[in-house]
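Reviewing the structure listed below.
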Amino acid sequence: MSLKTKNLEKHFDGVHAVDHLSIEIKPGVITGILGPNGSGKTTLINVISGIHPIDGGEIAIGSQTFSSIKRHEVPDFDITRTFQNVRVFEQMTVMDNLLVILSSRSVLTSLRQRATPKQLDRAQEVLKKVGLWEKRNSLASKLSYGQRKLLEVGRVLAMDKKINLFDEPFAGMFPEMVKRVSGILQNLKQCGKTIVLIEHNMQLIRELCDYVIVMDAGKLLAQGEPEKVLAQKNVIEAYLGE
Amino acid sequence: MDFVVQLTINSIIAGSIYTLMALGFNLTYGATKFFNLAHGVMATIAGYTVFYFSSQPLYISIPAGIFAAGLVGYVLDRTIYSPLRKRKASNMVLLVASLGVFTALESLIALKFSSQHQSLPEIFASVPTFNLFGGSFTAIHLLIVASAAVCALGLHALLKYTLFGKAINAVSDDEEVSKIVGINTNRLMGQVFFVGSAIAGVAGILVGFDTVIIPIMGMPLLLKGIIAAIIGGLGSLWGGVLGAFLLGFVENFGIWHISGEWKDVIAFGLLILFLIFRPQGILKKS
Ligand SMILES: Nc1ncnc2c1ncn2[C@@H]1O[C@H](COP(=O)(O)OP(=O)(O)OP(=O)(O)O)[C@@H](O)[C@H]1O
Ligand SMILES: [Mg+2]
C-alpha cells in the first residue's frame, strides 16, 4: 500500500515543522527519511499516525485520501510505528506488551486469564525474532534502552500492518541489535510492506534504503536513490550547516 | 485497654469503607487521569436502589444496587465524559462536569426519595453483636471488612491476570500509544467506569445497612475516598488501600481525647500534611 502526502502542513506556534510537503512512499521498498535535527521528520510521522492533527493538505493511504487522521483509526488505516523516544507499556511484562495488542478486545473473551494458544504462539514468534524471548517475563521498565527499542519493533511486527513507520529505531542499540533489526526491516521489505525509516546514520541509510527523502525545515530538499542524493551539494550543505 | 481495642476495630471498619471508595476512584483516575467527583454519588445511587427494591429479597436488591451504580457510571462516561474527552476538554473541565453530575444526581435522588434519611431493610436481624478482647462489632461490620478485602483482591486479580486488566494498564500507562496499537480505549473507559462505580456502589449499600441512607451521603464518602487515594498514591490500587487504613486509624485514634467532630479536621489535616511533604503519596506510582 502506498503512502502519499499532498501539501501537508503542520505548525507549532509559527514553527513550520512540516511545510507544504508532498512525497510518495512506495510499498516493497525501504524509504529513508533524513534531514538535520528539527527538520520535521518525527513531526511528519506524528501527523501520519494521528498524534498531531493535520493543519493543511492531505494524506493518501492506498487509494483513499484523508484530511484528518484520528489516533484510534491508525490501525484500521493499516499503519503502525515506533517512537523516537521509546514508548512501551512500562508497567507490563515484555510478553504482556505484545499480548495486549494480539488479544481480542471483546469484554467476555478478554476476561479470560490466558491468551489463546494462537496468540501466545504469535507472541513467542515475535519475541524470538527481536531477541527478547529470554526477557519475556521482565517488566518493560527493567529493560535496557536498546531492549525497549527492540520491544517496540516487536510491537510493530505483532501488529502486522502494511505501512510501518520507524523513527530512529537503531539509536541506542548495540551492533548485534542493529543487525537483528536491519534483518527484520529487510524481511518486511520482502513481504511487500511499505517501510519508512528515519535515520541519521548514513552508512545504515546506504545499506538499507532503496530510496531516500531529505527534509530541511519541514520542506522537501531532495529525493531519489541514496547514493545520488547523499552526494548532492544541497544535501551535504544542509547537514554541515546544522 | 478496651477503648484501644474498640478504636482499632472502628479504624478497620472505617478503613474498609474508605478502601471501597478509593478502589474505584483510583481505577477511573488511573485510566482517565481526571478527578471524577461524581464517583461519590454512585454510592448513593446503589444505596437508594436497594431501598427502592425493599420489597424484594436482598439477593435481588443488593446486586441490583451494585449494577445500577455501575450502569450509571458507564452511561455517564458514554454520554458526558467521553464526548468531552473527544473534544480535548482539559481535566479541569471534566472535573467541573463531574461535580455538576454529582450535584444533579444528588438532587434528583432527593426529589424522588425526599432529603430525609431512610433505613434499608434489616440484613442480619438475628445475628448478635460480636465481642472481641473487649471491643464489639456487628455482622455488618464484618461484611464491610470482608467486602473490602474481596473487592481489593478481585480488582487486583482483574488487573493483573486478565487481558481486560492488561488493556486497562496499557491505557493508564499511555493512552495515546494504546489507541495507536488498536486498543479500543473508548469502550474500555466505559467498562472501567462500570467497574469503578459498581465498587463505590458496594460502599454505599454497606454504609446504608450499617447506618442509614440519605441523599447527601455521597460527598463524605467521596472525600474520604479521595483523601485515601491521594495519601496512598493516586492511581495505585494498593496505595489506595494503605491510604484508606492509614486514614481510618489516624481519624479514629486522633479523636481519642477529643470530640468526634474533630474527625474531618484530622482527615483533612492528614491530607494537607501529605500534600506538603509527600504529594506523590505512600506508594509512588511513577
Ligand atoms: N509537540 C511539539 N510542540 C512544539 N513544537 C514541536 C513539537 N514537536 C516538534 N516541534 C518542533 O517542530 C520542529 C521539527 O521537530 P521534529 O521533532 O519533527 O524534528 P526531527 O526532524 O524529528 O528532528 P530529530 O532529528 O532531532 O529527531 C522542531 O522545531 C521542533 O521544535
Ligand atoms: Mg525526530
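The values are calculated or read from the model by the stated rules, or taken from the named source; none is laboratory data. Bear in mind that the values here come from a model prediction, so they are computed numbers and not experimental data. Methodologically, a virtual Cβ is constructed for each residue, glycine included, from the backbone with ideal geometry; neighbour enumeration extends over all protein chains shown.
Pairs under 8 Å by beta carbon, first residue more than 22 Å from residue A:205 (Cα to Cα) in the range A:32-53, partner of a type in the set (Asp, Glu), six or more apart or different chains?
A:50/A:73; A:51/B:176
Can you name the number of the only condition in (1) within 16 Å of ligand 1 (Cβ to nearest atom); (2) more than 14 Å from chain B (Cβ to nearest Cβ); (3) surrounded by fewer than 22 Cβ atoms within 10 Å (Cβ to Cβ) that residue A:7 fails?
Residue A:7 satisfies all of (1) within 16 Å of ligand 1 (Cβ to nearest atom); (2) more than 14 Å from chain B (Cβ to nearest Cβ); (3) surrounded by fewer than 22 Cβ atoms within 10 Å (Cβ to Cβ) except (1).
Given (1) away from chain B (no Cβ under 14 Å); (2) within 16 Å of ligand 2 (Cβ to nearest atom); (3) modelled with pLDDT of 95 or more, where does residue A:171 come up short, assuming only one miss?
Unmet for residue A:171, out of (1) away from chain B (no Cβ under 14 Å); (2) within 16 Å of ligand 2 (Cβ to nearest atom); (3) modelled with pLDDT of 95 or more: (3).
Quick one: residue B:126 ticks every box in (1) at pLDDT below 95; (2) not in a loop (DSSP other than H, G, I, E, B) except a single one, so which number is it?
(2)
Residue A:54 fails exactly one of the following numbered conditions: (1) over 15 Å from the mean Cα position of the chain (by Cα); (2) surrounded by 18 or more Cβ atoms within 10 Å (Cβ to Cβ); (3) within 16 Å of ligand 1 (Cβ to nearest atom); (4) outside any loop (DSSP other than H, G, I, E, B). What is the number of that condition?
Tallying (1) over 15 Å from the mean Cα position of the chain (by Cα); (2) surrounded by 18 or more Cβ atoms within 10 Å (Cβ to Cβ); (3) within 16 Å of ligand 1 (Cβ to nearest atom); (4) outside any loop (DSSP other than H, G, I, E, B), residue A:54 fails exactly one: (4).
Can you work out which of the residues in the range A:23-41 that are part of a strand (DSSP E or B) and near ligand 1 (Cβ under 10 Å from one of its atoms) is nearest to the other protein chains (Cβ to nearest Cβ)?
Step one: list which residues in the range A:23-41 are part of a strand (DSSP E or B), which gives A:23-25, A:30-34.
If we keep only those that are near ligand 1 (Cβ under 10 Å from one of its atoms) as well, we get A:33-34.
On the way: A:33: 19, A:34: 24 Å.
Within the range A:23-41, the match that is nearest to the other protein chains (Cβ to nearest Cβ) is A:33.
Mind listing just one residue for me: the one in the range A:194-212 that is within 14 Å of ligand 2 (Cβ to nearest atom) and surrounded by 19 or more Cβ atoms within 10 Å (Cβ to Cβ) and, of those, farthest from the other protein chains (Cβ to nearest Cβ)?
Quick first cut of the range A:194-212, residues within 14 Å of ligand 2 (Cβ to nearest atom) only: A:196-201.
Then keep just the ones that are surrounded by 19 or more Cβ atoms within 10 Å (Cβ to Cβ); that gives A:196-199.
Values: A:196: 15, A:197: 18, A:198: 17, A:199: 21 Å.
Top of the filtered list is A:199.
Output the residue which, of all residues in the range A:146-167 that are more than 16 Å from residue A:74 (Cα to Cα) and away from ligand 2 (no atom under 16 Å from the Cβ), is surrounded by the fewest Cβ atoms within 10 Å (Cβ to Cβ).
A:146
Looking only at helices (runs of 4 or more DSSP H) that fall completely inside the range B:159-228, which ones have 2 or more residues that are more than 8 Å from every other protein chain (Cβ to nearest Cβ), hydrophobic (A, V, I, L, M, F, W, C) and within 15 Å of the chain's Cα centre (by Cα)? First the steps, then the outcome.
On the way: elements: B:163-173, B:175-180, B:185-210.
Fully inside the range B:159-228 and qualifying: B:185-210.
Find all pairs meeting these conditions: Cβ atoms under 7 angstrom apart; at least six residues apart or on different chains; first residue within the range A:1-13 and over 16 Å from residue A:27 (Cβ atoms); second residue among the hydroxyl-bearing types (Ser, Thr, Tyr) and away from ligand 2 (no atom under 16 Å from the Cβ).
Listed pairs, sorted by first residue: A:6/A:22; A:7/A:22.
With respect to residue A:44, determine if the residue is within 13 Å of ligand 2 (Cβ to nearest atom) and either more than 18 Å from the chain's Cα centre (by Cα) or at pLDDT 95 or above (or both).
So residue A:44 passes the test.
Before we move on, is residue A:20 more than 16 Å from ligand 2 (Cβ to nearest atom), surrounded by fewer than 21 Cβ atoms within 10 Å (Cβ to Cβ) and not in a loop (DSSP other than H, G, I, E, B)?
On the way: more than 16 Å from ligand 2 (Cβ to nearest atom): yes; surrounded by fewer than 21 Cβ atoms within 10 Å (Cβ to Cβ): yes; not in a loop (DSSP other than H, G, I, E, B): yes.
Criteria met by residue A:20.
Of all residues in the range B:117-158 being hydroxyl-bearing (Ser, Thr, Tyr) and loosely packed, with under 12 Cβ neighbours inside 10 Å, which is nearest to the other protein chains (Cβ to nearest Cβ)? It would help to see each step written out before you state the result.
Here is the first cut: in the range B:117-158, the ones hydroxyl-bearing (Ser, Thr, Tyr) are B:119, B:126, B:129, B:136, B:138, B:147.
Next, only the ones that are loosely packed, with under 12 Cβ neighbours inside 10 Å stay: B:126, B:129.
Numbers: B:126: 37, B:129: 39 Å.
The extreme case among them is B:126.
Would you please name the residue that is modelled with the lowest pLDDT, looking only at residues in the range B:161-194 that are of a type in the set (D, E, K, R) and crowded, with 22+ Cβ neighbours inside 10 Å? Break it down stepwise before answering.
Quick first cut of the range B:161-194, residues of a type in the set (D, E, K, R) only: B:166, B:173-176, B:179, B:187.
Filter once more, keeping what is crowded, with 22+ Cβ neighbours inside 10 Å: B:166, B:179.
Values: B:166: 87, B:179: 92.
Restricting to residues being of a type in the set (D, E, K, R) and crowded, with 22+ Cβ neighbours inside 10 Å, the top hit is B:166.
Looking at the range A:71-85, can you tell me whether even one residue there is away from ligand 1 (no atom under 14 Å from the Cβ) and in contact with a Cys (Cβ under 8 Å, 6 or more places away or on another chain)? I'd like the intermediate steps shown before the answer.
First, the residues of the range A:71-85 that are away from ligand 1 (no atom under 14 Å from the Cβ): A:71-80.
With the extra rule that they be in contact with a Cys (Cβ under 8 Å, 6 or more places away or on another chain), the set shrinks to none.
No, the conditions are met nowhere in the range A:71-85.
Restricting the range A:43-68 to residues that are closer than 14 Å to residue A:161 by Cβ, out of contact with any Lys or Arg (no Cβ under 7 Å at 6 or more places or on another chain) and aliphatic (A, V, I, L, M), which is farthest from the other protein chains (Cβ to nearest Cβ)?
Let us first name the residues in the range A:43-68 that are closer than 14 Å to residue A:161 by Cβ, namely A:45, A:48-50, A:61-62.
Going one step further and asking which of them are out of contact with any Lys or Arg (no Cβ under 7 Å at 6 or more places or on another chain), we end up with A:48, A:61-62.
Next, from what is left, pick out any that are aliphatic (A, V, I, L, M): A:48, A:61.
Details: A:48: 11, A:61: 15 Å.
The selected residue is A:61.
Filter the range A:57-85 for residues that are part of a loop (DSSP other than H, G, I, E, B) and among the polar types (S, T, N, Q); which is surrounded by the fewest Cβ atoms within 10 Å (Cβ to Cβ)? Walk me through how you get there before you give the answer.
Of the range A:57-85, the ones part of a loop (DSSP other than H, G, I, E, B) are A:62-63, A:67-70, A:74-78, A:82-85.
Keeping just the survivors that are among the polar types (S, T, N, Q) gives A:63, A:67-68, A:82, A:84-85.
Values: A:63: 7, A:67: 12, A:68: 10, A:82: 23, A:84: 16, A:85: 9.
Here the residue is A:63.
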